[in-house]
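Below you'll find the structure, written out as structure tokens, and then a few comments.
Just so you know, all these numbers are worked out from the coordinates, no wet-lab data involved. Quantities reported herein were computed from a predicted structural model and do not represent experimental measurements. Methodologically, a virtual Cβ is constructed for each residue, glycine included, from the backbone with ideal geometry; neighbour enumeration extends over all protein chains shown.
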Amino acid sequence: MSEFLVPAGEARAELEMRRSRFIAHAVPAFSVAEARDVIEERRREWSDATHVVYAYVVGSPRSEVQGMSDDGEPHGTAARPVMALIRGRRLWNVVVTVVRYFGGVKLGTGGLVHAYAEAARRALDRLPVRPFVPMARIRLVVPYPLFSRLGPLLEEYEVTVLEQEFTSEISLTCRLPRRCLEGFSKGLRDLGSGSDVDILEEEGA
């Protein structure tokens, strides 16, 4: 399978067609919950808009969830062309919303398809992307004397600390590229931590 992509930022674009205004946003979302949060944020931000159309794909090619809504536009004229653009660009973990302010002139089926697709295309053309990197979320427990020595190891293996819990020892929940998992585990053993790495979740399996 050829390389697929995820957003490395956000993008926005606008389009006016026969007095209707279309505002498209493309942003990252790595779960259905995140995608829904983005959609709700758009609805709040553009609460007076006529329609808030969306399409999203989260997960990876082997394990994905998609969603879309025409939000009252005629079936197949709004979200479907947006989804087709996402698919055509091999994008995952992205949500595209297109807000419409009705200008008083009906566009017809073909006009709606063109307008929504063009607004989304402009946003996606501006969206920075990067190759998808399969990640793992892990938990480890380390003693206090070792904690101060972990910095270089975390940096070397591209580990991001998500949560820290300080009790008699330090419990860390982290995220790192799956390709770094074996090296990071060995590095911990070399430090003499005695800690086992528990894999909580693997993304893009």
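Can you list the DSSP H helices in the chain whose Cα atoms extend at least 18 Å along the helix axis and whose mean Kyte-Doolittle hydropathy is 0.0 or higher?
On the way: long enough: 32-45 (20 Å, -1.36); 108-126 (28 Å, -0.32).
Answer set is empty.
What list do you get for LEU176, LEU5 if you sort them by fewest beta carbons within 10 Å?
Working: LEU176 21, LEU5 17.
By the 10 Å Cβ count, ascending: LEU5, LEU176.
As a check on your grasp of the helix formula, calculate [θ] at 222 nm for the chain: sum -39500 (n - 2.57) over DSSP H runs of n ≥ 4, divide by the residue count, round to the nearest 500.
Computed mean residue ellipticity for the chain: -9500 deg cm²/dmol.
With the radius of gyration and the Kirkwood radius both derived from the Cα set of segment 19-67, what is their ratio Rg to Rh?
Working: Rg = 12.4 Å, Rh = 12.0 Å.
Taking Rg over the Kirkwood Rh, I get 1.03.
Ranked by Cβ crowding within 10 angstrom, fewest neighbours first, how are GLU16, GLU155, GLU73, GLU34 ordered?
On the way: GLU16 12, GLU155 9, GLU73 20, GLU34 16.
Going from least to most buried by this count: GLU155, GLU16, GLU34, GLU73.
For each of HIS114, HIS75, count neighbouring Cβ atoms within 10 Å of the residue's Cβ, then give the residues from fewest to most.
Numbers: HIS114 16, HIS75 9.
Fewest-to-most Cβ neighbours within 10 Å comes out as HIS75, HIS114.
If we count every other residue with Cβ under 10 angstrom of VAL105's Cβ, Lys/Arg +1 and Asp/Glu -1, where does the sum land? Don't skip to the end; give the middle numbers.
Values: positive: ARG18, ARG19, LYS106; negative: none.
Result for the neighbourhood of VAL105: +3.
Once the other residues with Cβ under 12 Å from the Cβ of LEU85 are scored (Lys, Arg +1; Asp, Glu -1), what is the net sum? Walk me through the numbers on the way to the answer.
Details: positive: ARG80, ARG87, ARG89, ARG90, ARG121, ARG122; negative: GLU118, ASP125.
Cβ neighbours under 12 Å give a net charge of +4.
Regarding segment 97-185, what is the average projected area of its C-alpha convex hull, in nm²? Before the final figure, lay out the partial values.
Values: hull surface 39.5 nm².
If you wrap the Cα atoms of segment 97-185 in a convex hull and average its projections, you get 9.9 nm².
Taking a quarter of the surface of the convex hull around the Cα atoms of the chain, what do you get in nm²? Present the calculation step by step, with values, prior to reporting the outcome.
Working: hull surface 53.4 nm².
Averaging across all directions leaves 13.3 nm² for the Cα convex hull.
How much net charge surrounds CYS174 when only the other residues with a Cβ under 9 Å from the Cβ of CYS174 are counted, with Lys and Arg +1 and Asp and Glu -1?
Once positives and negatives cancel, what remains is +2.
How big is D, in µm² s⁻¹, for segment 135-202 by Stokes-Einstein at 37 °C and 0.692 mPa s if Rh is the Kirkwood radius over C-alpha pairs?
On the way: Rh = 11.8 Å.
Translational D for this selection: 279 µm²/s.
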